[in-house]
1. For residue 153, work out the one condition from (1) in contact (Cβ under 8 Å) with a residue 12 or more places away in the chain; (2) farther than 20 Å from residue 93 by Cβ it doesn't fulfil.
2. Mind checking which residues of the range 102-113 are under 17 Å from the mean Cα position of the chain (by Cα) and part of a loop (DSSP other than H, G, I, E, B)?
3. Please tell me if residue 37 is at pLDDT 70 or above, surrounded by fewer than 14 Cβ atoms within 10 Å (Cβ to Cβ) and at positive phi.
4. Output the residues belonging to the range 47-73 that are surrounded by fewer than 21 Cβ atoms within 10 Å (Cβ to Cβ), modelled with pLDDT of 80 or more and farther than 21 Å from residue 172 by Cβ.
5. Going through 79, 103 one at a time, which residue ends up being surrounded by fewer than 19 Cβ atoms within 10 Å (Cβ to Cβ), at pLDDT 90 or above and more than 27 Å from residue 149 (Cβ to Cβ)?
6. Among the residues that make up the range 124-145, is at least one of them under 25 Å from residue 47 (Cβ atoms), touching a strand residue (DSSP E or B) at 6+ places or on another chain (Cβ under 7 Å), modelled with pLDDT under 95 and in a loop (DSSP other than H, G, I, E, B)?
7. What are the residues in the range 106-130 that are more than 17 Å from residue 145 (Cβ to Cβ) and crowded, with 16+ Cβ neighbours inside 10 Å, if any?
8. With in contact (Cβ under 8 Å) with a residue 24 or more places away in the chain, part of a strand (DSSP E or B) and out of contact with any strand residue (DSSP E or B) (no Cβ under 7 Å at 6 or more places or on another chain) as the only criterion, which of 81, 116, 89 stands out?
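The values are calculated or read from the model by the stated rules, or taken from the named source; none is laboratory data. The structure presented is a predicted model; accordingly, all values stated were derived computationally and were not measured. Positions of Cβ are generated from backbone atoms using ideal geometry, with glycine treated the same way; all protein chains shown enter the neighbour counts.
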């Protein structure tokens, strides 16, 4: 775990109007990215986990400092390092940050990535990518959903909603995926996390 001087932040007890795609989920080792410019795989829910995981309003946040970036994450979430990034997980919530070399993303390039993700994950359904502004700079945002395989015991499936942000600086591209099961409201916490991303 790569924590340097954790900074504790308390999420305000204010509910902000929900925006489309505040989210979380889980992933496996296939989600890592590499330096070739390929985009990380789509997040997928774990059918063994219940569709729960609301992040409490009084959640403490720490600051993770990775290779060339930092981001706030909820205290107590597990961490798994991947090539060029980190996964944070709790229940069926997942936040993944992957950094690779590449050109600044555009709406067209993200649309092309979505087509490849759809081919690998047929259940993927995505909204149209759009330009947004984060504190760390301009980004392309897209919201997509994926459906888990059925639970081997109950047969139930978990639908995961994911907000993906792509932004770039000096030849590096960061892909931030924030996923949560549908029906779970993590909008405020995930907004805090996406806005906390900083290039180092």
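1. (1)
2. 105
3. For residue 37, the condition - at pLDDT 70 or above, surrounded by fewer than 14 Cβ atoms within 10 Å (Cβ to Cβ) and at positive phi - is not met.
4. Of everything in the range 47-73, those that are surrounded by fewer than 21 Cβ atoms within 10 Å (Cβ to Cβ), modelled with pLDDT of 80 or more and farther than 21 Å from residue 172 by Cβ turn out to be 54, 56, 57, 58, 59, 60, 62.
5. Step by step, each of 79, 103 is checked, and only 103 is surrounded by fewer than 19 Cβ atoms within 10 Å (Cβ to Cβ), at pLDDT 90 or above and more than 27 Å from residue 149 (Cβ to Cβ).
6. no
7. Scanning the range 106-130 gives a single hit, 109.
8. Just a single option satisfies the conditions, and that option is 81.
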